[in-house]
Every structure is written in C-alpha cells, then in structure tokens.
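The values are calculated or read from the model by the stated rules, or taken from the named source; none is laboratory data. Just so it is clear, the model here is predicted, and its values are computed rather than measured. Note: ideal-geometry Cβ built from the backbone for every residue, glycine included; neighbour counts use all protein chains shown. Quick note on the areas: whole protein, heavy atoms, side chains included, nothing else; ligands and nucleic acids left out. Shrake-Rupley method; radii C 1.70, N 1.55, O 1.52, S 1.80 Å.
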Amino acid sequence: MSIFPKRTIPGSTVTIHWNFNTVHITDAHVLPYVRIGVQSPDGITTILFEQHVLGFPAIRPQLVPDAKKLFYLNKNTPLLVLADYLSTHHKREQLVQILQNIQAGRHYYFTYTLPEYAAPGKYKLISEVHNNGNIKYSNTAPDDFFFVEKITVDEHKIINHSPEPAPVKIVSYQPGEKLLPENITVFEMQPKEMIPVSAFPDNSFLLYNEERITLPLQHPLSVRCIRNQQGLCLPKDDTIHVLLPDETAYTLEGAGKSIWERADGFATREELSAAGNVPVYQEMVDNRLIIEIKTEK
C-alpha cells in the first residue's frame, strides 16, 4: 500500500493505493473478503472498502505459446506509487517482487478526508484479506501509516500539538536580500514541544507539512497583503495602470501607487493602511487590487 501525502493536516484529504495481486495463486480462483480502512490515534476505525474481490489464478509462463500475447490491461500506475515503494525500508528482494507484481496486480485507490477537528498524530492503515479463515496483511504493513500534523504560532511560542515528531524548517528572510545558507535551519520538533519565538531572528518563517504550510513567527495573527497577481501592471511616469482579468482598468497615483508597490506579500494590513491611507487601502481591497492573505493554519 502507499499513501499520498505521507504528512497532512486536519481538514485535508489523503489518497490510499492498494494493489490486489494473485500472481502466487496457480490452481484455482479466490474470492476473499477485503477490508481497507484507517485507524486514528485515538483508536477509531473508518472502513473505506469492505467487500469480496474475485481473483483469477495466475497464468503459468510455461503455458504461454505466444510471447507477444497480451494478458493484462495497461495499468497507469502513478510514478508516485513507484517512488513510494522504492522509498520504503524493505529488503531488495521484496522490492523486486513488488515491482514485478505491479503490472499483474489490480490497483485500487481510496480517499480519506480528515475533519477540521482531526486529532494530530499517527494514522495507521488497515488492510485485511480474509480467505478460508486466514488473514493476509499488506506486504508493506510497517510503512502503512501517515501523519496528521498541527503546529501553531502565537506571539510568544511555537507549539507542536502532535504526539509525534514533526520536521520543520525555519527561514529568516528580509525582502530584497539574498537568502543565505545560514538563514535556514532544519530540525525536528519533538512531540508536544513548545519553543519560544524569541529563539529565532526577526523576519523568520516556519515551514512544515513537507513545506506546504508557512507560518510567520513575528506578528503571526497579522493579515498580509499582496497586489493582485492576475493584474497587468503598466508603470508610466508617476502613475501605475492596472488591468484586471475582468478588463477593469485602474490608474494608481499617490497613496494608491505607494500601497500597490509595497504590497509584496510581506507587508501587513496595518502597515499599508497606516498614515491616513485607510480609505484608499480599503477601496483597493474592495476592488481586488489588493488581496488580503490570512495566516495559514
């Protein structure tokens, strides 16, 4: 089995791949009862698939008269599935067997959607093939799990809410400056660990969940602003002309031009609406010249 992504967050969806293979059966068909599911850290089990699956006996190579004859429909197995198998900790012989069985197998895909309140931690996959009173488990059972991560930042501390370690990356970056190796720190937050924000320089950002989530460490609750990236910008003299996708055109000068130029995704609402520019700023937001971006959670 394989899971994508291996690390996720509450409210998201993971995709689970299961390969049903009967290459080892040579004498008769099988009709096992299959159960595929997910077990959360608190022990609650959600079944995604539960039914009988018919498997025909494998074709014996010595009985094949024509080497060019086709016996399987083309299996468009995603490269992610192959990469996941290759990244596991199985012995080489097991990997070879898995790869050989991919074309002969029957591939199933299931989705599992986590609620917004999903508990962080390690989620284990259930794969049971019941046949004649025996249960066969997944060949990749030791790796059949995924993590739900949750890290939050307030004015004082960074908190890993999970009972599992969480890899994180800290980037210290000032717009307009080069990003140097010493500006990046990668480490693993321990289960339930709390780290003071003051441990990192100003203008620092925390990335986690395989770098999909970015959290500012300073002013974490501030709304950050970016000029509409779908707008075509044409500077001319002391003005800026902006054409939005709906073909609405705007001419910006003075405070409007200053707000547009400063809205780089790092500037906050408070910074852009300061110095008496609140009405101008709000008008630009209302007309979608400026997009407000709330901190990811």
Can Ser162 be described as more than 28 Å from Leu54 (Cα to Cα) and modelled with pLDDT of 95 or more? yes
Exactly one of Ile135, Ile158, Ile151, Ile170 is β-branched (Val, Ile, Thr) and surrounded by fewer than 16 Cβ atoms within 10 Å (Cβ to Cβ), and that residue is Ile135
A careful count of residues in the range 1-44 that are under 16 Å from Ile102 (Cα atoms) and part of a loop (DSSP other than H, G, I, E, B) gives 6
Options Phe187, Phe200, Phe146; residue that is closer than 27 Å to Phe4 by Cα and open to solvent by 30 Å² or more (accessible area, probe 1.4 Å): Phe187
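To keep it simple, each residue is scored yes or no on (1) out of contact with any Leu (no Cβ under 6 Å at 6 or more places or on another chain); (2) farther than 28 Å from Tyr117 by Cβ.
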residue	(1), (2)
Lys169	no, no
Ile184	yes, yes
Met194	yes, no
Asn203	yes, yes
Glu211	yes, no
Gly254	yes, yes
Within the set of pairs 6 or more residues apart or between chains, which connect a residue that is in contact (Cβ under 8 Å) with a residue 40 or more places away in the chain inside the range 174-194 to a residue that is of a type outside the set (A, V, I, L, M) and surrounded by 10 or more Cβ atoms within 10 Å (Cβ to Cβ) with Cβ atoms less than 7 Å apart? Pro175/Asp264; Pro175/Phe266
Test Asn76 against the criterion of being part of a strand (DSSP E or B), at pLDDT below 90, open to solvent by 30 Å² or more (accessible area, probe 1.4 Å) and under 19 Å from Thr111 (Cα atoms), and give yes or no. no
Of all residues in the range 97-123, how many are within 16 Å of Phe49 (Cβ to Cβ) and open to solvent by 30 Å² or more (accessible area, probe 1.4 Å)? 6
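Take the range 271-284 and flag every residue that is assigned to a helix (DSSP H, G or I) and open to solvent by 30 Å² or more (accessible area, probe 1.4 Å).
Glu271, Val278, Pro279, Val280, Gln282, Glu283 - these are the residues of the range 271-284 that are assigned to a helix (DSSP H, G or I) and open to solvent by 30 Å² or more (accessible area, probe 1.4 Å).
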Name every residue in the range 1-43 that is of a type in the set (A, V, I, L, M), modelled with pLDDT of 95 or more and open to solvent by 20 Å² or more (accessible area, probe 1.4 Å), in order of residue number. Ile9
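Tell me, which residue of the range 213-270 that is part of a loop (DSSP other than H, G, I, E, B) and under 16 Å from Val153 (Cβ atoms) is most open to solvent (accessible area, probe 1.4 Å)?
Leu221
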